Amino acid sequence: QTQSHIRHSAELKLSNTTSTKVLIIGAGISGLEAARLLEQNGIETIVLEAQNRTGGRVYSRGSKHGFMLDMGARYIHGTRGSIPSGFLTNPLWDYTQEVNIPLCTTGDHDFLGLYPPSDKFTLANVQSWYDEYLTFVREETRFASLPNSSFAYYIDLFSQQKNFTSDQRDVLYDLTFFIIADREGAELEAIDAKSYLDITSINYGEEPVICDTGFMTITNHLAKGRKDIRLKQIVSKVNYTNTLIDVWTTDGQVYRADYVLITVSLGVLKSNTIEFYPSLPQWKLNAINRIGFGYYEKIYLLWEQPWWNFTNFYFFRPAPINSTGLRFWVSANKWNGVPSLMCTFSGKTISLLKWKENENMIVQEIQDSIQKMFPQIAIPTPTEIYMSNWNEDVYFRGSYSFISIDQKLDDPLRLSEPVENRLLFAGEATSSDNYGYSHGALLTARREVTRLLYVYNLLPKQNITTSESTKTTSTNTFLLVTFLSFQLLILELG
Ligand SMILES: Cc1cc2nc3c(=O)[nH]c(=O)nc-3n(C[C@H](O)[C@H](O)[C@H](O)COP(=O)(O)OP(=O)(O)OC[C@H]3O[C@@H](n4cnc5c(N)ncnc54)[C@H](O)[C@@H]3O)c2cc1C
């Protein structure tokens, strides 16, 4: 029935059908990296991208004066790996070195304290409770078995054991939210404590930013000169069998491919806006449902003149704002001399609030909060305001994945597992260890290209030995090593 459905659909639109070996859906960092590697290895590829730009969740926009604001990814999380120059090196940092992209360090974080300030506890008090709490969670989760438990659960357990007052419990909650949940884009109630602590033990070192030209310099570099990227092609339907795949776009185009690599966000997969025929298998749908997808938005406020002491780097205010319940923290930007504040908001509240519609109210709340932080200064109105809107954008529907308490340990593996050996999946959420990060997304592209080249044998034989490009050779070495890990995995499973 599936075969005839495909034949029928393609016959209907034969004049609109384009064929290719590998079709990639999405031109974010994973789609672009996959296209680059496939092209390097002589594989015919087309990339379909819904928007009129590449980069996906990597998006830098200019302010009026040309200052680059990263609305999505901003930090390269680590300049070297736990094992320097080993495979744990952040591959994005390697790129910046390869194409000489200048980086700025973010320097020492000079925290100004807790806001609203408390006359009962100092930051040092709360920091020491936090350290003790984290040790407690590590001990409690060491041999934890199901059901999974959240960070919020352990805050209550810890507070009970310490006989904390509700104020003490709340202030510990706020600091933990700021340190853990804010980065994950999720509530402390939603994040699985054990899995989070196990995975984030990899340390990549320093975390620089690309201040002058923005993070998008990397994806622009990957997209440069590519003729195989088709913009404004919104995929609506994927019909697959174990021999070929037809992909439909909303403007009636049909793309026929031997293999399709899907790199759209987990938020898009959860929304069911792309129809699969036949439906994706239940084990894949379960993983899509169970893995967490967070909310994380940024607002940049810019001023002509700085009104704060430029020697201080970060202020933060993890406590919720009264009327919206949004928690946020702000960082003062000083590395390129532009007086700006980046405020980040995360968690479920964003998904409930009409973010854009409430822009004026939100900006007013930020101003009120900052005013409370600095009562001695009359804070001027910002001259420019820029907001992200990942949550309401139908091509993302959130920010990035996190380990939810509903999740099973192998769900990211299930998300990455191909269907019918034709339909492949990449993108940050399919990464078991670097989920949420742009380098995680990039590595998943390498994983899937490895699968195509070496497991599905797409690599033309002569390419292995005759490639003269050092870049191709070194990338192929990487791919070969990934291939060997596939083999080890198969042996282990076998
Ligand atoms: C606010 C924010 C801050 C972040 N900060 C950092 C950071 O500091 N450091 C870091 O390393 N990472 C950060 N990240 C995460 C990082 O941006 C992502 O992990 C990474 O960019 C994801 O890349 P991807 O290729 O997996 O997916 P995406 O970038 O989402 O690419 C998927 C592409 O698919 C397209 N698409 C969607 N639907 C369709 C359709 N129907 N048809 C065709 N195309 C479609 C989308 O338009 C998109 O271009 C941040 C993310 C956000 C949102």
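The values are calculated or read from the model by the stated rules, or taken from the named source; none is laboratory data. All values reported here derive from a predicted model rather than from experimental measurement. With ideal geometry, Cβ positions are generated from the backbone for all residues, glycine too; neighbour counts draw on all protein chains shown. For accessibility, only protein heavy atoms count, side chains too; no ligands or nucleic acids. Shrake-Rupley method; radii C 1.70, N 1.55, O 1.52, S 1.80 Å.
Approximating the spin labels as points 7 Å out from Cα along Cα→Cβ, the Glu39-to-Leu157 distance works out to 5.1 nm.
Determine, from the Cβ-Cβ distance of Gln371 and Val394 and an R0 of 41 Å, the FRET efficiency 1/(1 + (r/R0)^6), rounded to the nearest 0.05. So the FRET efficiency works out to roughly 0.70. Extending 7 Å from the Cα toward the beta-carbon at both Glu189 and Asp433 defines two label points whose distance is 3.4 nm. Annotation: extensible slack from Arg290 through Glu359 equals 21.7 nm (criterion: 0.36 nm per residue apart, minus Cα-Cα distance).
Please compare each pair in Lys194/Lys237; Lys21/Lys270; Lys120/Lys408; Lys348/Lys372; Lys270/Lys354 to a cut-off of 29 Å on the Cα-Cα distance and tell me which ones are over it.
Those over the limit are Lys194/Lys237; Lys120/Lys408.
Relative to the current alpha-carbon distance between Ser128 and Arg230, full extension at 0.36 nm per residue lengthens the span by 31.4 nm. Here r is the Cβ-Cβ distance between Trp307 and Asp119 and R0 is 22 Å; the resulting FRET efficiency, rounded to 0.05, is 0.30.
Extension gain for the segment Lys64 to Lys461, taken as residue separation times 0.36 nm less the Cα-Cα distance, is 137.7 nm to one decimal. Distance between the C-alpha centres of segment 30-70 and segment 205-257: 7 Å, rounded to the whole angstrom.
Once backbone amide H atoms are built at 1.01 Å from N, Tyr277 has Val238, Asn239, Tyr240 as its partners under 5 Å, excluding neighbours fewer than 5 places away on the same chain. Taking a point 7 angstrom from the Cα of Leu352 along the C-beta vector, which residues in segment 283-312 have backbone N less than 19 Å away? Label zone hits: 293-297. Taking θ as phi - 60° and the Karplus parameters 6.51, -1.76 and 1.60, the scalar couplings of segment 33-39 work out to 5, 5, 4, 4, 5, 5, 4 Hz in sequence order, x denoting glycine and proline. One way to sum up the overall shape of segment 123-199 is the equivalent ellipsoid from its Cα gyration tensor, whose semi-axes run 19, 14, 11 Å, largest first.
Database remark: amide H of Phe402 closer than 5 angstrom to the amide H of Gly292, Phe293, Gly294 (H placed geometrically; neighbours at sequence offset of 5 or more, or on other chains; Pro and chain starts carry no H).
Across segment 286-294, rounded Karplus estimates of 3J(HN,Hα) from the backbone phi angles (6.51 cos²θ - 1.76 cosθ + 1.60, θ = phi - 60°) give 4, 5, 4, 5, 7, 5, x, 10, x Hz, Gly and Pro being marked x. Here the Karplus relation 6.51 cos²θ - 1.76 cosθ + 1.60, evaluated at θ = phi - 60°, turns the backbone of segment 426-442 into coupling constants of 9, x, 3, 5, 8, 8, 6, 10, 10, 4, x, 9, 5, 5, x, 4, 4 Hz, with x for every Gly and Pro. Relative contact order of segment 123-199, taken over Cα pairs closer than 8 Å and 6 or more residues apart, is 46 percent. What a 1.4 Å probe finds exposed on segment 123-199 is 49% carbon and sulfur by accessible area, rounded to a whole percent. Once both labels are positioned 7 Å from their Cα atoms along Cα-to-Cβ, the gap between Asp170 and Glu384 label points is 3.8 nm.
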